[in-house]
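**Q** Before I ask anything, let me first share the structure, which is written out below as structure tokens.
A short reminder: the numbers here are calculations on the coordinates, not readings from a lab. Note that the structure is predicted; figures quoted are calculated from it, not measured. All Cβ positions, glycine included, derive from the backbone under ideal geometry; neighbour counts span all protein chains shown.
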Amino acid sequence: MKVLKIDSSPRSERSFSRRLTTHFTRSLGDVEIIERDLAQSQIPYVTEDWVVGVWGPEEAQTDASRKAMAIAGPLVEEFLQADHIIIGAPMYNFGSPAVLKAYFDQIIQMGKLVKMEEGQFVGLATTKSATVVVTRGGAYSPGSGAEAYDHQEGHLRVILGFIGITEVKFIYCENLASDEASQNDAFEKAKVDIAAVATSLS
Ligand SMILES: Cc1cc2nc3c(=O)[nH]c(=O)nc-3n(C[C@H](O)[C@H](O)[C@H](O)COP(=O)(O)O)c2cc1C
């Protein structure tokens, strides 16, 4: 099995999401791990050339549009290779960090991760499943009473579903802005949830 580990926190050792995605991959045993560190990858925003490259007619293509579109090539390749995707996603301003959005904006290209069939979008990554570890200063998970502020889980579920990944598990590590004891509790609870997902994959 190949697992793509995507991290999006700009923090390194202090990052809860990175520590948890690493705990996840280490819990899996003998699998091949492909690492995609979005804090280091410098993924550019979509540009006009990119839009022409991906959506424009053949006659509008230029060297610049082909180059802009090709940036995603290796990213799409590693994404398609993986059987399982693990994403570390801190909550930033009630959504995900901009690098994670920039990543999906780059890789979700027509004919690569999605296609059009009889006027409908059809996802092409249907053989994969995903786990998303969300880390948050507050708490917004089901039952928290603040679900309406969570613009992260719904968005990630929709974009993963759009490209064909519907088997998605969320692991919540919340209340991290609280004292150390609460942080430790949240971290240990997330590790238990990770163990359950890792066992189901092994
Ligand atoms: C720019 C920024 C925005 C944040 N926005 C939120 C937020 O909207 N809600 C929340 O609960 N926590 C928020 N936080 C706290 C982070 O989600 C929390 O620190 C989390 O642990 C970050 O993940 P990491 O430890 O993997 O870096 C924010 C932190 C930063 C730096």
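**Q** Counting Lys +1, Arg +1, Asp -1, Glu -1, what net charge surrounds Phe79 among other residues with beta carbon under 10 Å of its beta carbon?
**A** +1
**Q** Could you work out how far the C-alpha centroid of the stretch 111-164 sits from that of the stretch 25-86, in angstrom?
**A** After rounding, the separation between the Cα centres reads 18 Å.
**Q** Right, next: Amide H neighbours of Val114 under 5 Å, counting only residues 5+ apart in sequence or on other chains, H built in-plane at 1.01 Å?
**A** Those lying under 5 Å, H to H, from Val114 are Gln109, Leu124.
**Q** While we're here: Using the Karplus equation 6.51 cos²θ - 1.76 cosθ + 1.60 (θ = phi - 60°), what ³J(HN,Hα) coupling, rounded to whole Hz, does each residue of the stretch 77-90 give in order, writing x for Gly and Pro?
**A** Residue by residue, the stretch 77-90 yields 4, 5, 5, 5, 5, 7, 8, 9, 10, 10, 10, x, 10, x Hz.
**Q** Rounded to whole Hz and in sequence order, give me ³J(HN,Hα) for the stretch 178-190 from the Karplus expression 6.51 cos²θ - 1.76 cosθ + 1.60, θ = phi - 60°, writing x for Gly and Pro.
**A** Per residue, the Karplus-derived 3J(HN,Hα) values read 8, 5, 4, 5, 5, 4, 4, 4, 4, 5, 5, 5, 5 Hz.
**Q** Along the principal axes of its C-alpha atoms, what lengths does the stretch 2-201 span, in descending order and rounded to whole Å?
**A** Dimensions of the stretch 2-201 along the principal axes of its Cα atoms: 61, 36, 33 Å.
**Q** Neighbouring Cβ atoms within 10 Å as the yardstick, rank Val76, Val46 fewest first.
**A** The most exposed by this proxy come first: Val46, Val76.
**Q** Turning to a different aspect of this structure: Below 10 angstrom from the Cβ of Thr166, what's the summed charge of the other residues (Lys, Arg +1; Asp, Glu -1)?
**A** Residues near Thr166 contribute +1 overall.
**Q** Okay, moving on. How large is ³J(HN,Hα) for each residue in the stretch 158-175, as worked out from phi by the Karplus curve 6.51 cos²θ - 1.76 cosθ + 1.60 (θ = phi - 60°), to whole Hz, x for Gly and Pro?
**A** In residue order, the calculated couplings are 5, 5, 5, x, 4, 8, x, 9, 10, 8, 10, 10, 9, 10, 9, 10, 10, 6 Hz.
**Q** Right, another one. Summing Lys, Arg as +1 and Asp, Glu as -1, what charge do residues with Cβ under 12 Å from the Cβ of Arg157 carry, Arg157 excluded?
**A** Taking every other residue near Arg157 into account, the sum is -2.
**Q** Taking only DSSP H segments of four or more residues, each worth -39500 (n - 2.57), what value at 222 nm results for the chain once the sum is divided by all its residues, to the nearest 500 deg cm²/dmol?
**A** Rounded to the nearest 500, it is -12000 deg cm²/dmol.
**Q** Considering only lysines 8 or more places apart in sequence, or on different chains, count the pairs in the stretch 2-201 whose C-alpha atoms sit under 17 Å apart.
**A** 11
**Q** Taking amide H positions as placed 1.01 Å from N in the peptide plane, with prolines and chain starts having none, which residues 5 or more places from Lys169, or on another chain, fall under 5 Å of its amide H?
**A** Under 5 Å from the amide H of Lys169: Ala130, Thr131, Val132.
**Q** Taking neighbour Cβ counts within 10 Å as the exposure measure, how do Val122, Val114, Val197 sort from fewest upward?
**A** Least to most surrounded, the residues fall as Val122, Val114, Val197.
**Q** Starting with the fewest neighbours, write out Tyr45, Tyr103 ranked by other beta-carbon atoms found within 10 Å of each beta-carbon.
**A** If I rank by nearby Cβ atoms, fewest first, I get Tyr45, Tyr103.
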